[in-house]
Amino acid sequence: MNTVVAQLQRQFQDYIVSLYQQGFLDNQFTELRNLQDEGTPDFVSEVVSLFFDDCAKLINNMSRSLEQPENVDFKQVDSGVHQLKGSSSSVGARRVKNVCISFKECCDVHNREGCLRCLQQVDYEYKMLKTKLEDLFKLEQRILQAGGTIPQVDIK
Amino acid sequence: MRGDSFSVSIESLPDSPMGSQKKMSKMFDKMSEWVTPWRSKSETPRETRILRGDVEQEQFQYASSHCLSSYYSVFVVRLAIMVMLAILIGLLTILTWHFTRVYTKQSLQTLAYGLRYELLQRPILRMWSVLNTTSELTTAQVKLSEYVIKKYDKPTTQEELVEMYQAMKDVTWALFASAKALNAITINYRNGFVQAFHRDPASSNTFYIFSDLKNYSISETGLDDVKMSLGHGWNNQTIHGNMSAIWYQQQLDPITGVKIGKPHQIPPDDLISIAGISQVPDGEASWHVTVSKYMDSPLLSAALPVFDASNKSIVAVVGVTTALYSVGQLMRDLVEVHGGHIYLTSQEGYLLATSTNGPLLTNTSKGPQLMKAIDSEEWAIKAGAQWLEKTYGSNRPHVVHAENARLGDQQYYLDSFLLNLKRLPIVGVVIIPRKFIMGKVDERAFKTLVILISASVCIFFIGCVCILILTNGVSKEMKLRAELIRQLDARRRAEASSNYKSQFLANMSHELRTPMAAVIGLLDILISDDCLSNEQYATVTQIRKCSTALLRLLNNILDLSKVESGKLVLEEAEFDLGRELEGLVDMFSVQCINHNVETVLDLSDDMPTLVRGDSARLVQIFANLISNSIKFTSTGHIILRGWCENMNSLQDEMSLTADRKKPWAPLKTKLVHHRNHSLKSCKNENKMVLWFEVDDTGCGIDPSKWDSVFESFEQADPSTTRTHGGTGLGLCIVRNLVNKMGGDIKIVQKNGLGTIMRLYLILSIPDNADQICQPDFSKYGLVVLLAMSGSTARMIQSKWLRKHGIATVEASDWNELTKVIRDLFETGSRGNSFDSHHNIAESLRAELSSIQEIKNPAFVIVVDIGVLDLTTDIWKEQLNYLDRFSGKAKFAWLLKHDTSNTVKTELRRKGHVMMVNKPLYKAKMIQILEAVIKNRKRGFCNRGNVSDESHDCLEIDPTQFDTCSSDDSSETSGDKSVKPSTLHSPVLKNYLLDMTKSNDEDSTTSEASTTTQKKKQEEEQDWKDRSNRLYSGVALDGKNQKSLEGIRILLAEDTPVLQRVATIMLEKMGATVTAVWDGQQAVDALNYRSIINAQDPTQEHKTLSEEENPYDLILMDCQMPKMDGYEATKAIRRAEIGTELHVPIVALTAHAMSSDEAKCLEVGMDAYLTKPIDRKLMVSTILSLTKPSTFLTDENLTRELS
């Protein structure tokens, strides 16, 4: 039993470290995890799911705005990107944030094609992150079910 | 023809000599070479497209395609010009050829016609003359015959008849002999007698032919017959039928006519043709052509009747025969000269004469017969006749001019004329080979054509080459232009990329600074940690320093890029200029003391205290300048001078600075002169020109580099980097900032070693500020003894003191100090010996004597701690020595930042409470003096505990001013202990830190000194970056998780994620958080309160803020739906007007630029946090904004209580 937990814990550690190393996450995520305690046991997953909902909504809005071949309302897109950037940086979704930065640049120069490309990228990145984090949370669940504790991961 | 030349010209393009072909291929090569780089280039920008945008791309493409098309157009134009040239040349050739040929031909033809006409005319004329001659002779013969016959009218006898015949014979002979051309003359009498003379050209004999007289008689019948049958009675039968007649031929001497030999009978066959009566049927002259067997040419014979006297009957017929061969001869002669053939025919087509030697007669069985021209043995004549026959048929016109008659295989001219003689029309035909006349012409024409064509082809090629050469120039220019366009494009791209770079750097500001800030903050925590070993502490401090340096460097780069990208927004806030500079000098003096360099601040008294502007940037300017000076100054001093001037005298000043070699003092006095009216004008304009100088005694800068040192990355000496380090950005930033503030900076000439950087800034002054507050110390009778090791600072300080009427004595070291002290305090007892023992300078003595005159002087002795000998323990004795005078004078100590605690403790123990850190400058001096004066006043009324009194009077709590300066948005967040305020007197900082602390607890002094040190450090680090100010606060609060206990926070955030995160974060730290979704809700949440306020105006504000203010702080996202953060803040601030409430609002934004910060602060927010939220930063910000107010209320409460 203990070996299973230990194995799971190691797996969890490796996984989360890989997420950091691959640049999916940054320290803000650590901050989030630090905020989670007994009082708010599902804080991270809650915030993350909020974030993904937000993402889906924003991307949907932006893609609708960008669908028009002409007279794209860049202001609207810009505010969407801005929000996305804010929330992604708050969650620590680093890749999403980085794409948002270039997205914003495209938006500033009213480059529709660039925007579309960035939009796809954002979509891809956030979905990617979503699956990764879902895996992470599943792993967590399994550890908890196995009676272990979530190990603290020190990200240097 | 035209088509030919055209095709030639077209063909000549590709077929032309290799040269042009090469040229063409080269041209295409160039074109493709020109096209390809454009294409390859178009690949590269595609990658950077996102950055640069489509517009530029399109422009670029447009430019290149434009070039390409113009290049094509040049090519087309070339072709067109060539084609036109070809057509032109072709036309010219054709026309030239045509005209030369046609006109030549025509004129030649005219000439040829004339020639032909002439040619024919002559034989015809000859013919004519022959005919005429014959006719004349005939007529003459007839006349003679008529005469003779008349004479022997009606011979009746044979003798008479014979006689008459004899006479006739003689007459006829005479005629015959005279006309040599005659062939024969015949006289045929009515009775049938014939007399004839005949020349045989073959044997050149002359014969007389006569018929036998016996056969003829003079019978009436015969005459009657003739008479009867006039007209047709006579016919040839009379002669030919009269076969019975016998003919005799007698040879005659051709000249004399003498008979030679006997007449012999000849057969009728040999008889020549004799004209009979039949030939003159109508009594008129008749002509006909005959042949004779003696002649191989036709003969022309004319016949005329001879009438009798009555002129009614014909008595005889005279016939004259002429040979035509002379005509032929003539024609032959002509043809020999001109060539060709001529022949004459009768109307029936019988040949009369030809230019050839061919026979004209055919020998038939009946003797020679005339032959037709068609039957001629001569080829030319036959062919000509056949051609005529063939062309015109039987009824041809007699006049024909054919130019291109083809006979055989040659072209001939063929002309025929009609000589219309009565009874004998003659047709003349001239056949001339065409080549005789036109042959040369045709040949010439062909040659001319060839030459013309080749010439035009040559011209065409030369033209083409010329065009190519000419257009080559054009295309070269074209290429140059394309090059230029490309260059321009490249430049634009480079500029754009430079822009992007700047923008990138500016955008990176947040990303770069945040980690650095984190590093520094964490280090601060670490430093404040107690459990560090000394070694660790030193290391961490070192790291701290390094990170500060790194941050500064980053800030430098970012500042520069920000200034260059035009994003730098200067703040416009009030600040205390003097204090900013003092703080700066304080900070640098720490560095300078290590360098053994004095830092001196020398601000003139007329400098305004409060100015409006960007304090951080101003400080940055001087910090850069001073740090630059420090870098190059190893010994000596660095003086920061400042004086001011109003706008009006700026012009003079500018002209003055240009050639200013005088020291600044005269200028200053001049400026003081100006001051009176300048103050007035300043009131209106509120602008002031502030002059500053940073004067050092460093290595100096070469005059040639004076301008270039202000360029980026420029250093006066390349080796500087190695020796002193640095990036060369500092001065560039300085210049940029100075320019931005409407000023200018330059290096001016200095006497002696070092550099003077002089700059001026134009700053506005707040309206309400009374700028100059000059404390008047002269009336207190103060005497100041300055015992300072640094001569420059001492000199400047004493000068200032003297100017304000304070007696000042200077001492540079311990010995001097003791001398002066002794002199001052023991002068009464040992005055004379003092003079004799010590050689004090005259000035000092004068000073001393003047001091002695002051009644009830208050002595202030300012002692630099450096004057004491700290290396050994002597300083304690020295202190004891000085302590003796403590009753008579007040001691103020100048400490170094690294003065050890033992010294401080000792000083404090001895009751020396006035301690200031070096360097000493005006404000500190004033503070000391004021302290002394106040102390003295109290001392007069209550001679009690001196130190307590001094403490009371000097304790100036910074928080006192916060009540009225809480609007100063950003400043409140700072940890600077004193805010710029609207107080009228210069605000005193707690320079005399130790003084305030010393009375609390002696044991805490060490702690206090560390705080001082810390404060110094903080100041050093934090004056640049406002956001960094708070880190020391973080350091203190870092471990306290519940640091926000009890603070009520309104969070306006629309992003659910952020809202959640921030809420949790804040709640973790003990804050009460209310989250709203947009600005409107936030305003509503607060409006509730203001409504209450409005309803209940009598209620005290304090209690209101205590009880009714539901939130201590608002965290406001800037970008929100419905109402964004800016709007919401504005609304809240509007609602606050008229109340004394001020809810601190902290902006939360993902924008990290200073311009965004400026915008936030502009709308009335108090602080600014960037996303992602940094917990520590947020905590410290919140604390700095909320704590003072709680502190303030406490303070107020306590005040009220007391």
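The values are calculated or read from the model by the stated rules, or taken from the named source; none is laboratory data. Here the structure is a predicted model, which is why all the values come from computation and not from measurement. Reconstructed Cβ throughout: ideal geometry from the backbone, glycine too, with neighbour counts over all protein chains shown. The area values use the complete protein model at the heavy-atom level, side chains included, leaving out ligands, DNA and RNA. Shrake-Rupley method; radii C 1.70, N 1.55, O 1.52, S 1.80 Å.
How about the stretch A:27-106: which helices (runs of 4 or more DSSP H) wholly inside it have at least 3 residues that are farther than 30 Å from A:Q141 by Cα?
On the way: elements: A:27-35, A:43-67, A:74-91.
Filter on the stretch A:27-106 gives A:43-67, A:74-91.
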Hits in the stretch A:109-156 (condition: facing chain B (nearest Cβ under 9 Å), part of a helix (DSSP H, G or I) and free of Cβ contacts under 8 Å to residues at least 40 places away in the same chain): A:E113, A:G114, A:R117, A:C118
Which numbered condition A:V96 misses (of (1) under 22 Å from A:K130 (Cα atoms); (2) at the interface with chain B (Cβ under 9 Å from one of its Cβ atoms); (3) open to solvent by less than 20 Å² (accessible area, probe 1.4 Å)): (2)
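Just for the stretch A:79-93: of the residues that are more than 9 Å from chain B (Cβ to nearest Cβ) and in contact (Cβ under 8 Å) with a residue 24 or more places away in the chain, which one is nearest to A:E134 (Cα to Cα)?
Initially, the stretch A:79-93 is screened for residues more than 9 Å from chain B (Cβ to nearest Cβ), giving A:80-81, A:93.
Keeping just the survivors that are in contact (Cβ under 8 Å) with a residue 24 or more places away in the chain gives A:81, A:93.
On the way: A:V81: 24, A:A93: 14 Å.
Looking at residues that are more than 9 Å from chain B (Cβ to nearest Cβ) and in contact (Cβ under 8 Å) with a residue 24 or more places away in the chain, I get A:A93.
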Verdict on A:D73 being within 11 Å of chain B (Cβ to nearest Cβ) and at negative phi: no
Residue within the stretch A:26-49 that is over 13 Å from A:I150 (Cβ atoms) and more than 14 Å from chain B (Cβ to nearest Cβ) present: no
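Kindly establish whether A:K57 is at pLDDT below 85, more than 9 Å from chain B (Cβ to nearest Cβ) and open to solvent by 10 Å² or more (accessible area, probe 1.4 Å).
no
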B:A538 free of Cβ contacts under 8 Å to residues at least 24 places away in the same chain and in a helix (DSSP H, G or I): yes
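Test of understanding: among B:E1200, B:E1157, B:E1195, which residue is modelled with pLDDT under 80, touching a strand residue (DSSP E or B) at 6+ places or on another chain (Cβ under 7 Å) and either surrounded by fewer than 17 Cβ atoms within 10 Å (Cβ to Cβ) or not in a strand (DSSP E or B) (or both)?
Working: B:E1200 fails: touching a strand residue (DSSP E or B) at 6+ places or on another chain (Cβ under 7 Å); B:E1195 fails: touching a strand residue (DSSP E or B) at 6+ places or on another chain (Cβ under 7 Å).
Unique residue meeting the criteria: B:E1157.
Assess whether B:A140 counts as being aliphatic (A, V, I, L, M) and under 30 Å from B:I209 (Cβ atoms). Explain how you work it out, then say what you get.
On the way: aliphatic (A, V, I, L, M): yes; under 30 Å from B:I209 (Cβ atoms): yes.
It is true that B:A140 is aliphatic (A, V, I, L, M) and under 30 Å from B:I209 (Cβ atoms).
Results for (1) in contact with an Asp or Glu (Cβ under 8 Å, 6 or more places away or on another chain); (2) over 28 Å from A:K104 (Cα atoms); (3) surrounded by fewer than 18 Cβ atoms within 10 Å (Cβ to Cβ), shown as yes or no for each residue.
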position: B:L512; (1), (2), (3): no, no, no
position: B:L523; (1), (2), (3): no, yes, no
position: B:C531; (1), (2), (3): no, yes, yes
position: B:Q536; (1), (2), (3): no, yes, yes
Selection from the stretch B:420-463 of residues that are among the hydrophobic types (A, V, I, L, M, F, W, C), surrounded by fewer than 18 Cβ atoms within 10 Å (Cβ to Cβ) and over 60 Å from the mean Cα position of the chain (by Cα): B:L421, B:F436
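Can you pull out the strands (runs of 3 or more DSSP E) entirely within the stretch B:385-460 that have at least 2 residues that are of a type in the set (G, A, S)? Can you show your working first?
Numbers: elements: B:400-407, B:410-419, B:426-433.
Correct list: B:400-407.
Restricting attention to the stretch B:776-789, and to residues there that are in contact with a helix residue (DSSP H, G or I) (Cβ under 8 Å, 6 or more places away or on another chain) and either within 16 Å of B:L601 (Cβ to Cβ) or open to solvent by 30 Å² or more (accessible area, probe 1.4 Å) (or both), which single residue is modelled with the lowest pLDDT? Spell out the reasoning first.
From the stretch B:776-789, those in contact with a helix residue (DSSP H, G or I) (Cβ under 8 Å, 6 or more places away or on another chain) are B:777, B:780, B:782-789; that's our starting set.
Narrowing the set further to residues that are either within 16 Å of B:L601 (Cβ to Cβ) or open to solvent by 30 Å² or more (accessible area, probe 1.4 Å) (or both) leaves B:780, B:786, B:788-789.
Values: B:Y780: 74, B:L786: 83, B:M788: 82, B:S789: 79.
Top of the filtered list is B:Y780.
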